[in-house]
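Below is one structure, written out as structure tokens; comments come after it.
The values are calculated or read from the model by the stated rules, or taken from the named source; none is laboratory data. Note that this is a predicted model, so its numbers are computed, not measured. Glycine also receives a Cβ, built like all others from the backbone with ideal geometry; neighbour counts cover every protein chain displayed. Surface areas here come from the heavy atoms of the whole protein model, side chains and all, with no ligands, DNA or RNA. Shrake-Rupley method; radii C 1.70, N 1.55, O 1.52, S 1.80 Å.
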Amino acid sequence: EIKENAFKLCDKLQRITVENNNHVYSSDTTGALLNKGQTILYQYPIGNEGTTYTIPINVETIESYAFEMNRLTTIEIEGKVTTIKKNAFESSVNLKKVTIGKSVQTIEQDAFRYCYSIESFEVAKDNNKYQSVEGVLFEKNKEGKAITLIQYPSKKTTEKYYIPETVTTIKTLAFDNVTALKTIILSTQVTTIGEKAFIRLTNLVDL
């Protein structure tokens, strides 16, 4: 058993290698740590020098803190991935572009916390749970309408943003550290604003 955050702050760790006869864990060609069947990704090595990573084809779950602090600028969450656990990409400070495939059905709280370089989220059009609109990440209802604003990219350069009229909920830390925004126009349907939803909007003058 390897517990959560076992390799936290191992900034120079470039590879985790698991022997073939281990019955619980395995590793891929990048040195990431997975379970034996490679359906769960536990840890991407912090010190790996790669800037782009495609989740292995059999992975269904990305565990909490799996990608905390790394050099990646682009991540493709496609294949069979259904679940992104809480804080999975926390403090991935170089991450600019996130692509989310059609299979993803659960994105837990703070999955992209402190990812202050993200410019856009892209979600597959045939994903029935999530969508991206102008690079902003939303959860949608069965009719395909955006109802929950999950994450606004910190590095999106727009100065004024109109929250879609269908949105009822703004998640915790949804606009964290979005320094370009000066004006936000709330949807008239918004009933819930999460904790610290607008924290560190240092240039916001009108809400």
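For the chain, what's the relative contact order in percent, using C-alpha pairs closer than 8 Å and at least 6 residues apart?
Taking the mean separation of contacting Cα pairs over the length of the chain, I get 11 percent.
When the chain is treated as a GNM, springs tying every alpha-carbon pair under 10 Å, which of 64, 92, 26 comes out with the largest mean-square fluctuation?
Between 64, 92, 26, it is 26 that shows the largest mean-square fluctuation.
Each residue of the stretch 11-20 in order: what ³J(HN,Hα) in whole Hz does its phi give by Karplus 6.51 cos²θ - 1.76 cosθ + 1.60, θ = phi - 60°, with x for Gly and Pro?
4, 9, 5, 9, 7, 10, 10, 10, 5, 4
Among residues other than residue 145 whose Cβ falls under 14 Å from its Cβ, what is the net charge (Lys/Arg +1, Asp/Glu -1)? Kindly include the intermediate steps, with their values, before the conclusion.
Numbers: positive: 129, 140, 142; negative: 139, 143, 165.
Taking every other residue near residue 145 into account, the sum is 0.
What percentages make up the Cα-Cα pair-distance distribution of the stretch 166-206 when the bins are 10 Å wide from 0?
P(r) for the stretch 166-206, in whole percents per bin: 31, 55, 13.
Over the chain, give the accessible area per residue in Å² for a 1.4 Å probe, as an integer.
50
Percent of accessible area on the stretch 1-85 owned by carbon and sulfur, 1.4 Å probe?
Details: 2130 of 4480 Å².
Exposed carbon and sulfur together represent 48 percent of the surface.
Have a look at 57, 46, 170 and tell me which one the Gaussian network model of the chain (Cα, springs below 10 Å) gives the largest fluctuation.
57
Can you run the Rg to Rh ratio on the stretch 112-207? Use alpha carbon positions and the Kirkwood inverse-distance Rh. Please list the in-between numbers first.
On the way: Rg = 12.4 Å, Rh = 13.3 Å.
Rounded to two decimals, Rg over Rh is 0.94.
What is the set of long-range amide H partners of residue 14 at a cut-off below 5 Å, with H atoms built 1.01 Å from backbone N?
47
Return the subset of 12/36; 96/160; 80/145; 97/140; 36/142; 85/160 for which the Cα-Cα distance in this structure is over 29 Å, preserving the input order. Don't skip to the answer; put the middle values down first.
Details: 12/36 25 Å; 96/160 21 Å; 80/145 24 Å; 97/140 21 Å; 36/142 35 Å; 85/160 31 Å.
The pairs that break the limit, which is 29 Å between Cα atoms, are 36/142; 85/160.
Ratio of alpha-carbon Rg to the 2.2 N^0.38 Å globular estimate for the stretch 78-152, to two decimals, please. Walk me through the intermediate numbers first.
Working: Rg = 11.5 Å, N = 75, 2.2 N^0.38 = 11.3 Å.
In units of the globular-protein estimate, the stretch 78-152 measures up at 1.01.
Given the convex hull of the Cα atoms of the stretch 42-97, what is a quarter of its surface area in nm²?
Values: hull surface 13.1 nm².
Hull-based average projected area comes out at 3.3 nm².
Under 1.5 on a/c is rounded, so check that first for the stretch 1-65, then, if it is not, pick prolate when a/b is larger than b/c and oblate when it is not; a ≥ b ≥ c are the square roots of the alpha carbon gyration tensor eigenvalues. Display every interim value, and only then the final one.
Numbers: a/c = 1.41, a/b = 1.23, b/c = 1.15.
Rounded, since a/c falls under 1.5.
For residue 2, what is the net charge nearby, where nearby means another residue's Cβ is under 13 Å from its Cβ and Lys, Arg count +1, Asp, Glu -1? Write out the running numbers ahead of the final one.
On the way: positive: 3, 8, 36; negative: 1, 4, 63.
Local charge sum for residue 2: 0.
From the backbone phi of the stretch 88-93, what are the Karplus-calculated ³J(HN,Hα) couplings (6.51 cos²θ - 1.76 cosθ + 1.60, θ = phi - 60°) in whole Hz, Gly and Pro given as x?
Calculated HN-Hα couplings, in order: 4, 10, 3, 6, 7, 6 Hz.
Dividing the convex hull volume of the Cα atoms of the chain by its residue count, what figure in Å³ per residue is obtained? Please list the in-between numbers first.
Values: hull volume 23.1 nm³, N = 207.
Convex hull of Cα atoms, per residue: 111 Å³.
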